[in-house]
Amino acid sequence: MKKIAVLVSGGGTNLQALIDAQNDGRIKSGKISLVISSNPSAYALKRAGMAGIPSVVIEKGKLSRDEYTKKLTQCLTGHEIDLVVLAGFMHILGPEIIKEYQNKIINVHPSLIPSFCGEGYYGIHVHEATLEYGVKVTGATVHFVNEIPDGGPIILQKAVEILDTDTPEPLQLRVMKEAEHIILPKAVELFCADKLEVRGRIVKIRKD
Ligand code: GAR
């Protein structure tokens with residue numbers, strides 16, 4: 001059974017999707033053992049509490065990216081975590097954690113990478129950019145984290161159609177419900193069941 005840590009910064013609907021998947025058996029090869037929040041007032045902390053999952057707050061404050069990364073890495077290794085899930089975590093991590101947890105950190109991003117991703121593309125801003133550009137299809141991506149923001153090998157993607165009437169908020173909700181909350185638990189179970197094989201940029205999913 002793999003030990004999973006979920007890193008959050010806000011509402012935590014993706015954390016909730018993971019908790020629900022664990023409760024109904026869609027995640028069975030791993031256990032959410034720790035939630036780390038960068039924000040002391042994140043609603044995600046309440047969700048962790050209601051599910052009986054231990055949580056800690058590690059604030060970025062005035063720490064540099066490398067100092068912050070060091071603190072997170074120490075916490076994760078101290079808890080013997082096998083898989084780190086960034087679920088609405090709004091900070092870019094430094095190289096130390098990526099080395100320590102190579103191909104063991106996954107992130108959910110609210111667009112079809114390589115569109116609308118990288119530094120500056122997070123949360124609602126992704127959906128604003130999507131609508132401004134005028135694309136007809138968007139979606140979500142779950143990928144391994146490497147040194148390039150949103151640039152690591154892609155595990156799963158799911159498309160969501162854009163409606164003529166869309167504004168950023170309803171689109172964000174639909175992308176979460178129809179894509180993120182489905183592919184994130186799936187990717188977590190695939191990882192925990194050792195079904196993912198990374199060959200360069202390509203992630204192979206073993207069917208056995
Ligand atoms: C989600 O849409 C997630 O994909 C996005 O922020 C939202 C957090 O929602 N993450 C990023 O943009 C990171 N680059 P949640 O807190 O309800 O899971």
Exercise for the section: For the chain, give the percent of accessible area contributed by carbon and sulfur heavy atoms, probe 1.4 Å, rounded to a whole number. Expected result: 53
Completion exercise
Taking GluC sites (Glu not before Pro) in a DSSP loop with at most 14 other Cβ atoms within 10 angstrom as exposed, one finds the longest site-free stretch of the chain at 148-208
Practice task
Please work out whether the chain counts as rounded, prolate or oblate from its C-alpha gyration tensor, where a ≥ b ≥ c are the square roots of the eigenvalues and a/c under 1.5 means rounded, while otherwise a/b larger than b/c means prolate and anything else oblate?
Solution key: rounded
Exercise for the section: Could you work out how far the C-alpha centroid of region 15-94 sits from that of region 189-207, in angstrom? Expected result: 22
Exercise for the section: Just grab the label-to-label distance for SER29 and ILE92, each label 7 Å out from Cα along the Cβ direction, in nm (one decimal). Expected result: 3.2
Handout entry: Helical mean residue ellipticity (222 nm; -39500 (n - 2.57) per DSSP H run of 4+; nearest 500) of the chain
Key = -9500 deg cm²/dmol
Exercise for the section: Filter the trypsin sites (Lys or Arg not before Pro) in region 35-102 down to the DSSP loop ones having no more than 12 other Cβ atoms within 10 Å, then list what survives. Expected result: LYS62
Problem - Antiparallel %, DSSP beta bridges [both residues in the chain], to 5 - result: 45
Handout entry: Residue pairs, from the table LYS62/LYS177; LYS28/LYS136; LYS46/LYS186, whose Cα atoms sit over 29 Å apart
Key = LYS62/LYS177; LYS28/LYS136
Handout entry: Shape category assigned to region 109-190 from the gyration tensor of Cα positions, a/c cut at 1.5
Key = oblate
Practice task
Please tell me the relative contact order of region 1-135 in percent, rounded to the nearest whole number, where contacts are Cα pairs under 8 Å and at least six residues apart.
Solution key: 26
Practice task
Estimate the FRET efficiency between GLU197 and ASP20 by the formula 1/(1 + (r/R0)^6), using the beta-carbon distance for r and 30 Å for R0, to the nearest 0.05.
Solution key: 0.65
Completion exercise
Connecting every pair of Cα atoms under 10 Å apart in the chain and solving the GNM, the largest mean-square fluctuation among ILE155, ILE58, ILE32 falls on ILE58
Completion exercise
In terms of the alpha carbon gyration tensor, root eigenvalues a ≥ b ≥ c, rounded if a/c is under 1.5 and otherwise prolate when a/b exceeds b/c or oblate, region 38-97 is oblate
Practice task
Whole number in Å², please: accessible area per residue of region 1-118, 1.4 Å probe, ligands, DNA and RNA not counted.
Solution key: 46
Practice task
Subtracting the Cα-Cα distance from 0.36 nm times the residue separation, let me have the gained length for ASP164 to ARG206 in nm, one decimal.
Solution key: 11.3 nm
Exercise for the section: Just grab the label-to-label distance for GLU80 and VAL137, each label 7 Å out from Cα along the Cβ direction, in nm (one decimal). Expected result: 4.5
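The values are calculated or read from the model by the stated rules, or taken from the named source; none is laboratory data. If you're wondering where the values come from, they're calculated on a predicted model, not measured in any experiment. A quick note on method: Cβ atoms are made from the backbone with ideal geometry, for glycine too, and the neighbour counts reach across all protein chains shown. SASA here: full protein model, heavy atoms, side chains in, ligands and nucleic acids out. Shrake-Rupley method; radii C 1.70, N 1.55, O 1.52, S 1.80 Å.
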